[in-house]
Amino acid sequence: MSTEGRAAVEPLLGFADTLPAAAPNASAPAPTLHLLTFTLDREEYGIPVTQVREVIRVNSITRVPQVPAHVRGVANLRGRILAVVEIRTRLGLTEGVVTPSSRIVVVEVRGRVLGLLVDRVSQVTKVPVDSVVPPPEEVVTAETDFLTGVARWDSRLIMLLELDKVLLLNG
Amino acid sequence: MTLEENPFGDLLQDYIVECLPLAEEVGHAFVELERRWRDGEPGDELLASVKGRLHTIKGNSAMMGLAPMRDVAHALEDACGFLGRAAARRGDEAAALLVSGGGLLVDLIGDASPETDGTAAKAFVEEVRRFLAAAPESSSAERDRRQTDRRGQPRIGEGDGAGNVVRVDFRRLDAMLELLGEGLIQHSGLTELYRRLQRRVGACPEMEELDQTVLSLQKTLTRLESTLMETRLLPVSTVFGRFPRLVRDVAHAEGKKVRLEVTGGETTLDKAVLDRLGEPLLHLLSNAVAHGLERPEDRAKAGKPPEGVLRLQAGAVSGRVAIRVSDDGRGLDADAIRARAESLGMDVRTADTAQLHNLVFVPGLSTAERVTTLSGRGMGLDVAASVIHGLGGTIDVESLPGRGTAFTLSLPVTLAIVRSLIVEVDRERYAVPLSHVAETVRAEPEAIRQINNQGVTQWRGDLIHVADGGAVLGTGGLSGAPRSYYVVMTAGARRRGLLVDRLIGHQDIVVKGLDPALGRPPVVSGTTILGDGRVACILDVVRILEGAGHVN
């Protein structure tokens, strides 16, 4: 693994558990990241598939008065109340409109189960760790430090998200 | 180590369930003994009464292999036996030893696990040994008498009907409640379906039969609910049990003389409510000792008996439980509160005394920080109040200078299932707990007047404020049409109308919590799932009436 590659991998805290255990061995097959990707507007984002519990259709999301701006509301997940995060506003996009292709990605981060409202779920995919480069410095600010890298692979750009930070779970 | 990981988990749980109340009774008796000895009373029957309990604890602890608890119980048993004979040694030193041992025993049993640390127990046993060694007497004849004493002690829990009692893990009751909740949701779904079917099919014998079946299902579920609710109820004395020692400890640390009078311990509450009630009550009590009651010399100057009286009273009041913590101390200092509020930049020029008193619940204004550092206990009066509010309760304070302070809590008996009015505002549905609903009224536009941009109407001869539901809930009148009804909501002495678009009906709702990701929205206390599977927010009436929400 090149030093450049290592520099890109190190910030990927949330992705570390998707790396094969034998990663440092140079003769082993190239390590990959196992991602679930989804789109918001026209951009594609990826999160570690290990953090995804399921993907559900959007039935109804109940608004809750006076909650943080990035909370879309609550939904009924088989009798359990699921908080649904409006990930778009967290990423600086306008509030989304629910369409037939909208989905709620149910994730489990640090023992907590939350829903992410996304425009469309693309696929579960593996990308080589080597294809990940750090995000351009100009786009990363204190507010957007949840962007841990960009995977350039198969003529696509997949932005890798650190869910802890997107969901403000460490604050 | 948590109980789940422990192969002896169930046994250990049984042990705690059986021994903790015994240990608490023992601790309680020791605190009472200390008071009686000071008053020069012998307290023989109290000494005798604890020995049977200690013996049971010792036996159970030994059976579980819990050496620290066994040794402490044994040492206390010895000390009590000795003090039963050596009346001359009764006094503050002996009482302090017993109280500290009783407290240790409660702590050890409450956190019992096979890894329980035995250091404190060893130190205590050593202390008892030294205390007994300082005594001149201990003959075999007396030891024999002690043995006879032990017999004839009735074991607790062997009363009438004990054979019909089964111990159940509370989590099973929670699971049953979840299932009942699902049953209730399914029932309202079924009712909804029935209505739609009736519109399509019209009247026929089968529809009538379906109607009857749905109705009797409702009756069955209601009976199941009340039975299940009853099994979840526990007397408040289970929480009050640890307070005598706490009050004594704080009083010692503060150099105060305090008598705690507890009444209404048999009043019952849902265990889920009780579990969260301990901390706020503990805070109110320690606050009363530390700040409410004066030192004996100051009391004497004020012409009061040197011993302060702290009352903890519980009772059922119109479907809710009232708990009152009152002292006969110096009362709240309204001027000091005013000064503190002004230093925090609050405008209190027009506040009356009662309003100033209620500022003690405002963060930064309570004097609780001092209690915390002083006694290592307590959570802040503002935090205590927010826990009570979180339970759907209210807390009020009354105070008279020089006469004392009283905090009155009003709590729902249960949190789990709440009969509610379902309303619709701007196409979202909300549940309003019926205990807070006084009336629903059709909103005639001409009956609601605007005063200073606030809706006001006559209700039962009084002028009340009528707020727009969309404004309070932040949906701001999407439809633009005037609202059809207002709901008169009450909490304590406060009341207010809330304008809504539609009244959907009454429903028993199963309360579900708020995800921490939602923060702490001020106007919502929880969520529930309605018959159609949609989620609805439960309005926090207490906080809405306190002015939370977008009131314009």
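The values are calculated or read from the model by the stated rules, or taken from the named source; none is laboratory data. In this text the structure is predicted, and so the values were computed from the model without any measurement. As a convention, Cβ positions derive from the backbone with ideal geometry for all residues, glycine included, and neighbour counts pool all protein chains shown.
So B:Leu310 passes all but one of these: (1) touching a His at 6+ places or on another chain (Cβ under 8 Å); (2) part of a strand (DSSP E or B). Which condition number does it fail?
The single condition B:Leu310 does not satisfy is (1).
Kindly indicate the residue of segment A:51-62 that is surrounded by 18 or more Cβ atoms within 10 Å (Cβ to Cβ) and assigned to a loop (DSSP other than H, G, I, E, B) and also farthest from the other protein chains (Cβ to nearest Cβ) among those meeting that condition. Spell out how you get there, then give the answer.
The first filter runs over segment A:51-62 and keeps only residues surrounded by 18 or more Cβ atoms within 10 Å (Cβ to Cβ), leaving A:51-52, A:58, A:61-62.
Next, from what is left, pick out any that are assigned to a loop (DSSP other than H, G, I, E, B): A:58, A:61.
Details: A:Val58: 12, A:Ile61: 8 Å.
The residue in question is A:Val58.
If we keep just the residues of segment B:512-525 that are more than 7 Å from chain A (Cβ to nearest Cβ) and surrounded by 21 or more Cβ atoms within 10 Å (Cβ to Cβ), which is modelled with the highest pLDDT? Walk me through how you get there before you give the answer.
Within segment B:512-525, the subset more than 7 Å from chain A (Cβ to nearest Cβ) is B:513-514, B:516, B:520, B:525.
From what's left, surrounded by 21 or more Cβ atoms within 10 Å (Cβ to Cβ): B:514, B:525.
Details: B:Leu514: 80, B:Ser525: 84.
The selected residue is B:Ser525.
Are there helices (runs of 4 or more DSSP H) fully within segment B:167-263 with at least 1 residues that are over 25 Å from the mean Cα position of the chain (by Cα) and not assigned by TED's automatic domain parsing to the domain that holds B:His283? List them. Working first, answer last.
Values: elements: B:170-201, B:205-232, B:237-240, B:243-254.
Result: B:170-201, B:205-232.
What do you reckon, is B:Gly533 within 12 Å of chain A (Cβ to nearest Cβ) and over 26 Å from B:Ile395 (Cβ atoms)? Step through it out loud before you land on a result.
Values: within 12 Å of chain A (Cβ to nearest Cβ): yes; over 26 Å from B:Ile395 (Cβ atoms): yes.
Yes: the conditions hold for B:Gly533.
Please find, within segment B:452-484, the residue that is nearest to the other protein chains (Cβ to nearest Cβ) out of those that are more than 30 Å from A:Val67 (Cα to Cα) and without any contact (Cβ under 8 Å) to a residue 40 or more places away in the chain. Lay out the reasoning, then the answer.
The initial filter retains those residues of segment B:452-484 that are more than 30 Å from A:Val67 (Cα to Cα), namely B:457-463.
Next cut, without any contact (Cβ under 8 Å) to a residue 40 or more places away in the chain only: B:458-463.
On the way: B:Gln458: 28, B:Trp459: 25, B:Arg460: 28, B:Gly461: 32, B:Asp462: 27, B:Leu463: 27 Å.
Step by step, filter segment B:452-484, then rank; the result is B:Trp459.
So, B:Gly505, is that one within 14 Å of chain A (Cβ to nearest Cβ), on the phi > 0 side of the Ramachandran plot and of a type in the set (Gly, Ala, Ser) or not? Explain how you work it out, then say what you get.
Values: within 14 Å of chain A (Cβ to nearest Cβ): no; on the phi > 0 side of the Ramachandran plot: yes; of a type in the set (Gly, Ala, Ser): yes.
Against the criterion (within 14 Å of chain A (Cβ to nearest Cβ), on the phi > 0 side of the Ramachandran plot and of a type in the set (Gly, Ala, Ser)), B:Gly505 does not qualify.
Which one of these does B:Glu546 not meet: (1) closer than 30 Å to B:Arg196 by Cβ; (2) more than 7 Å from every other protein chain (Cβ to nearest Cβ)?
Result: B:Glu546 fails condition (1) only.
Identify the residue in segment A:110-129 that is closer than 19 Å to B:Leu518 by Cβ and buried (at least 19 other Cβ atoms within 10 Å of the Cβ) and, among all such residues, is nearest to the other protein chains (Cβ to nearest Cβ). Give the derivation first.
As a first pass, look at segment A:110-129 and keep what is closer than 19 Å to B:Leu518 by Cβ: A:110-117.
Checking the rest, the ones that are also buried (at least 19 other Cβ atoms within 10 Å of the Cβ) come to A:114-117.
Numbers: A:Leu114: 6, A:Gly115: 10, A:Leu116: 11, A:Leu117: 13 Å.
Looking at the filtered set, the residue picked out is A:Leu114.
Determine, yes or no, whether B:Thr353 is surrounded by fewer than 22 Cβ atoms within 10 Å (Cβ to Cβ), modelled with pLDDT under 80 and among the hydroxyl-bearing types (Ser, Thr, Tyr).
When the stated conditions are applied, B:Thr353 does not pass them.
Can you report the number of residues in segment B:480-496 which are at pLDDT 90 or above, closer than 13 Å to B:Asp468 by Cβ and either within 29 Å of the chain's Cα centre (by Cα) or among the hydrophobic types (A, V, I, L, M, F, W, C) (or both)?
Number satisfying all stated conditions: 2.
So, restricting to strands (runs of 3 or more DSSP E) that lie completely within segment B:410-476, which ones have at least 1 residues that are within 30 Å of B:Gly531 (Cβ to Cβ) and assigned by TED's automatic domain parsing to the domain that holds B:Arg496?
Passing ranges, in order: B:417-425, B:428-433, B:437-442, B:462-468.
Of the residues A:Leu77, A:Leu82, which is more than 8 Å from every other protein chain (Cβ to nearest Cβ) and of a type in the set (A, V, I, L, M)? Full working, then the answer.
Numbers: A:Leu82 fails: more than 8 Å from every other protein chain (Cβ to nearest Cβ).
Sole residue among the options that is more than 8 Å from every other protein chain (Cβ to nearest Cβ) and of a type in the set (A, V, I, L, M): A:Leu77.
Out of (1) over 24 Å from B:Thr353 (Cβ atoms); (2) surrounded by 23 or more Cβ atoms within 10 Å (Cβ to Cβ), what's the single condition that is false for B:Gly319?
The failed condition is (2).
Can you spot a residue in segment B:460-478 that is of a type in the set (Val, Ile, Thr), over 22 Å from B:Pro521 (Cα atoms) and either in contact with a Phe, Trp or Tyr (Cβ under 9 Å, 6 or more places away or on another chain) or surrounded by fewer than 17 Cβ atoms within 10 Å (Cβ to Cβ) (or both)?
We begin by selecting, within segment B:460-478, every residue of a type in the set (Val, Ile, Thr); these are B:464, B:466, B:472, B:475.
Add one more test, that the residue is over 22 Å from B:Pro521 (Cα atoms), and what stays is B:464.
Now narrow it down to the ones that are either in contact with a Phe, Trp or Tyr (Cβ under 9 Å, 6 or more places away or on another chain) or surrounded by fewer than 17 Cβ atoms within 10 Å (Cβ to Cβ) (or both): none.
No.
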